[in-house]
Amino acid sequence: RTHSQLAQVIKELGNTAYKVRTTVLGSRQQLCLHDKVSKMAGQGANFTCRALVQHKQCRWHMKSRHDRVVQELSASVPAPIDIEELCKVGRHTEVCPYFLSRDLAGTADVIFMPYNYLVDTMARSQLSTINWSNAVIIVDEAHNIQDACNNNASFDLTGEQVLNAIGEMEAAQKVVKENISSGRASEGQLVLDDRGQQAGPVGAVTNQAELVDRLRCGVKILSAFYQKLCELDPTPAEPAPYGRSSGGYGSGAATELEGLAQKGEALLTLLAELDITPDSYGSYLQQLLLDVSVWWQGRGRL
C-alpha cells in the first residue's frame, strides 16, 4: 500500500491488544535526515547517500551508535511505529531512520511496506535482513497489485531527460576544468577511484583531471544515447543550448518521443550497441554516476 494507507493500518494495530515488534520500510526521500540528500530524489539521492556512507561523511550513519539503537529496539516491544515516528526516533537517537528500519526488519514480527518492495526485484534483494521462510504476506487492496507490477516493469524516458543529464555533466566538467586552470580546490568534493575509494587529496589537480576524464566519458555516452533516441523519431530536433526555459536542455525531440512505446528487448538492444550493459555498469558507469551525484551534492546544487 501507499505510506499514507500504511499509516492507517499501523494506527489500527496500535489500538489492538496485540503487542508485536514492527517496522515500516520507506525510501530515502521519506526517511533520510541528511540536510542535502533528504531534498534529493530517485537515484541522485541513492548514489549520494551511498558515497557519503562509504566515506563516513554522514553524521546520521555512525555504526556504533546505530548498532546500539538497533539492539535496544529489538530487545523491546515498542508501540507500532510509522514513518513519522521512525524519523522522530532517528532525530532523538541521532541514527539514520532509513538504515534503522531495514535492520529492525530482521527481528520484526510485522513489517509494513509498499507494493514495490515486493514486486521490484532490486528493492527486494536489498532486504537481506528479512527471513522470508514461513513468512505470511498480506496484500491489502490486492486489486492494485497488477498496476504496481506494470509500473515496475516499465518506465518513461524522454529526450529532455537525457539532455538535462548531459547538461549537468558538461556544467560539472566546466567548473572542474576552471578549478584546474586557476589552481582552486573544490572543498569537500569527493573524488573516487575505480574501486570506489577516495583517490587522494580532494584538491589535487591529478584527481580533478581524472574527474574531468570520467565526465567527458559520460557526456560522450549520453550524447550517443540521445542520438539513438532521435533515430526513433523521423524528425528529431537538434540539442538546444543549455539554459532554456526548463532550466536545462530543451528539446523538440522530447515531445515527439512522448508516447512512443517500445518493448524492453528493443531498449536493451539499443543500450548494448552503446556498450551499456550490466558488466559495464558495474565496472565504470556506476562510478561515473557516483562522481556526478557527489559533485552536485558538494556544489549545493539541489
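Give me the residue from region 31-47 that is assigned to a helix (DSSP H, G or I) and open to solvent by 60 Å² or more (accessible area, probe 1.4 Å) and, out of that set, farthest from ILE83 (Cα to Cα).
GLN43
Taking into account only those residues within region 49-81 that are open to solvent by less than 40 Å² (accessible area, probe 1.4 Å) and outside any helix (DSSP H, G or I), which is farthest from CYS32 (Cα to Cα)?
Going through the qualifying residues, I end up with PRO80.
One line per residue, one yes/no per condition, for (1) surrounded by 17 or more Cβ atoms within 10 Å (Cβ to Cβ); (2) more than 24 Å from LYS63 (Cβ to Cβ):
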site: GLY106; (1), (2): no, no
site: PHE112; (1), (2): yes, yes
site: ASN116; (1), (2): no, yes
site: ARG124; (1), (2): no, yes
site: SER128; (1), (2): no, no
site: GLU141; (1), (2): no, yes
site: ILE145; (1), (2): no, yes
site: ASN152; (1), (2): no, yes
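Can you find, within region 1-30, the residue that is modelled with the lowest pLDDT among those that are within 21 Å of GLY42 (Cβ to Cβ) and open to solvent by 50 Å² or more (accessible area, probe 1.4 Å)?
My answer is THR2.
Among the residues of region 1-55, which ones are among the charged types (D, E, K, R), touching a residue at least 12 places away in the same chain (Cβ under 8 Å) and either in contact with a Ser or Thr (Cβ under 7 Å, 6 or more places away or on another chain) or farther than 19 Å from ASP103 by Cβ (or both)?
Filtering region 1-55 for residues among the charged types (D, E, K, R) gives 1, 11-12, 19, 21, 28, 35-36, 39, 50.
Keeping just the survivors that are touching a residue at least 12 places away in the same chain (Cβ under 8 Å) gives 1, 11, 19, 21, 28, 36, 39, 50.
Passing the criteria: ARG1, LYS11, LYS19, ARG21, LYS36, LYS39.
The conditions are (1) in a helix (DSSP H, G or I); (2) at pLDDT below 50, and GLU178 fails exactly one of them. Which is it?
(2)
The values are calculated or read from the model by the stated rules, or taken from the named source; none is laboratory data. This is a predicted model, so every value here is computed, not measured. So basically every Cβ, Gly included, is an ideal-geometry build from the backbone, and we count neighbours across all protein chains shown. Areas reflect the complete protein model, heavy atoms only, side chains present, ligands, DNA and RNA absent. Shrake-Rupley method; radii C 1.70, N 1.55, O 1.52, S 1.80 Å.
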